[in-house]
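Here is the structure we will look at.
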Amino acid sequence: MQSIPSESLVIDRKSRANTPFYDLDLRPPLERIYDFSEVVIEFSPERAMVEAARCIHCPDPAACMVACPAHNDIPSAMWLIEQGHFIDAANLYHQTSSLPEICGRVCPHEQLCQGSCVLNKKQTPILCGWLEAFTVDYKRRNEGRVIPLAPPTGQRVAIIGAGPAGLGCADQLAQYGHEVTIFESKPIAGGLLLYGIPNFKLPKDVWFEKWEEFERAGVRFIGNTYIGKNKTIDDLFQEGFDAVFIGVGAEIDAKMEDASGSNLPGVYEATDFLVRGNVDLKFLPHEMHKPLKIGKKVAVIGGGDTASDCLRTALRLGAEKVTCLYRRTEKEMPGGSKDRKLAAEEGVEFRFLTQPIRFIASEDGNLAAIECIQMVLGEPDKKGRRKPVAVENSNFIVECDTAVLALGYWPDPVISKTTPDLETHDWGLISADKATGKTSRPGVFSGGDCVTGPDLVVTAMVAGRKAASAIDEYLRTPLN
Ligand SMILES: Cc1cc2nc3c(=O)[nH]c(=O)nc-3n(C[C@H](O)[C@H](O)[C@H](O)COP(=O)(O)OP(=O)(O)OC[C@H]3O[C@@H](n4cnc5c(N)ncnc54)[C@H](O)[C@@H]3O)c2cc1C
Ligand code: SF4
């Protein structure tokens, strides 16, 4: 529900709808490709007020609120921002989201809140995602934020995985007064916020400042602990935890087993490439300390957001020619158009209907080229996407000294293999109720990418919050 009802506002909707639009300011491509700093230039308070004042305040529930997986009260926040009440607007976002400064930056706005804004029909939608990030950054800088805590209940919950799902769950459980401990296989908290999404989309400082809020709320973090290897979920119950939330994501890179040479020096998996390319050595596990060797000609294989991040990272690491190889057309690409547009502006070349079939070594044994075959689109598959079909004798060579495989992700089977009675389905995804995160094991809840498969920060965070509410109910029920 909108906390500031749109009917109560005396505004001229027609003139608002015709107000000129000024787009976000971005750093110029020729400047930004030489560093990893954020590409979007933050709103000034004046610009934020002008942009928010374009909102025409649709009747409740506004389409943007419905489209936002967190159901943020966007119209009320726009009203507060337009009046200059930035901190009140930030407080509104904190009511429905555990990571507003992050979602405001990395959500595919054009498919969610902004995509459903009614101004799309005749004008340009409100930049509501970036206004969200602006208000929450503003509050943090000017006032700081303290997670509001209920009196302690004495109940202890273990969270496995410190990514958006685990963090959404931890935020809410702490607010309900439960004691929260996060077990994480990596040295530092963040999941893909730290070990995946590059700095130019999400500056690491934004994440580290966010993490301080969790620490101040008393959330305990135990890093370098791989549940399923170092200890099991049964061990956690034996240690006295009253409930467990699994938010381990889906982080095993898909392989390209049918193409020979995919293990040549110079061929990287996307996660390894992004993490070693973007993350400070001191935050990396020891086995990732070896520096990346990147050549002048880089080919990235895949069409999702991870592929866009690899393309743009390659440019920033000094590659002179960066090419995306994708086996369908741009229309079928799963990644967001926003990141693809930025990559193209930065000089990335896209080669569509191109399927790599063999990685070719030079005399020194390193990658020298990729043999590809031309594709055409055939009949639609079960999901309605047209299948790519190879054109006979259309093979050609793409020269490159570095290749990155950004082909998607699978869930890690270690938890399900070591947890009796935990049901999984397709490719090892954990079976959990959508609304509550309840799994087949009493007291064990789950959410995020390990349940849905690779998705978004906001959907994982929301799943963690929903599970927290179900865990709270479970813990308050006698006899559990
Ligand atoms: C390169 C890249 C770019 C992306 N860009 C965007 C974007 O721009 N916008 C967007 O909305 N989404 C983006 N995503 C998707 C988004 O990051 C994920 O959907 C989201 O992080 C999922 O959250 P999660 O908590 O389920 O999993 P994760 O973020 O993967 O976190 C899971 C955590 O669990 C830990 N873990 C795993 N197994 C164990 C274990 N057995 N024991 C202990 N800990 C364990 C992992 O180390 C990790 O820290 C991107 C993904 C990638 C890979
Ligand atoms: S969480 Fe994402 S979808 Fe929701 S308002 Fe913020 S940017 Fe838009």
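Total residues in segment 172-209 satisfying the condition of being in a helix (DSSP H, G or I), among the aliphatic types (A, V, I, L, M) and either touching a residue at least 60 places away in the same chain (Cβ under 8 Å) or on the phi > 0 side of the Ramachandran plot (or both): the figure is 4. Residues in segment 10-26: is at least one away from ligand 2 (no atom under 16 Å from the Cβ), in contact (Cβ under 8 Å) with a residue 40 or more places away in the chain, of a type in the set (D, E, K, R) and outside any loop (DSSP other than H, G, I, E, B)? Yes; the residues of segment 10-26 include at least one that is away from ligand 2 (no atom under 16 Å from the Cβ), in contact (Cβ under 8 Å) with a residue 40 or more places away in the chain, of a type in the set (D, E, K, R) and outside any loop (DSSP other than H, G, I, E, B). For segment 131-141, indicate whether the set of residues that are surrounded by fewer than 17 Cβ atoms within 10 Å (Cβ to Cβ) and either within 13 Å of ligand 2 (Cβ to nearest atom) or over 19 Å from the mean Cα position of the chain (by Cα) (or both) is non-empty. There is at least one residue in segment 131-141 that is surrounded by fewer than 17 Cβ atoms within 10 Å (Cβ to Cβ) and either within 13 Å of ligand 2 (Cβ to nearest atom) or over 19 Å from the mean Cα position of the chain (by Cα) (or both).
Within segment 277-307, the set of residues being at pLDDT 90 or above, of a type outside the set (A, V, I, L, M), closer than 27 Å to Ser362 by Cα and out of contact with any Asp or Glu (no Cβ under 8 Å at 6 or more places or on another chain) comprises Gly277, Gly302.
Please verify whether His71 is within 9 Å of ligand 2 (Cβ to nearest atom), at pLDDT below 95 and within 22 Å of the chain's Cα centre (by Cα), treating the condition exactly as stated. Judged against the criteria, His71 is not a match. Just one of the listed residues (Arg27, Arg32, Arg47, Arg54) is among the basic types (Lys, Arg) and closer than 22 Å to Lys121 by Cα, and it is Arg54.
Scanning segment 404-441 for residues that are open to solvent by less than 20 Å² (accessible area, probe 1.4 Å) and assigned to a strand (DSSP E or B) returns Val404, Leu405, Leu429, Ile430.
For segment 79-111, taking the residues that are surrounded by fewer than 24 Cβ atoms within 10 Å (Cβ to Cβ) and outside any helix (DSSP H, G or I), the one that is nearest to ligand 2 (Cβ to nearest atom) is identified as Pro108. All told, Phe36 falls short of being within 16 Å of Tyr138 (Cα to Cα), aromatic (Phe, Trp, Tyr), at pLDDT 95 or above and out of contact with any strand residue (DSSP E or B) (no Cβ under 7 Å at 6 or more places or on another chain).
Residues considered: Ser76, Ser37. Of these, the only one that is among the hydroxyl-bearing types (Ser, Thr, Tyr) and part of a loop (DSSP other than H, G, I, E, B) is Ser37.
The values are calculated or read from the model by the stated rules, or taken from the named source; none is laboratory data. Predicted model, so just to flag it, every value in this text is computed and none were measured. FYI the Cβ positions are ideal-geometry reconstructions off the backbone, even for glycines, and counts take in every protein chain you see. For the accessible areas, the whole protein counts, side chains as well, though only heavy atoms, and no ligand, DNA or RNA atoms are used. Shrake-Rupley method; radii C 1.70, N 1.55, O 1.52, S 1.80 Å.
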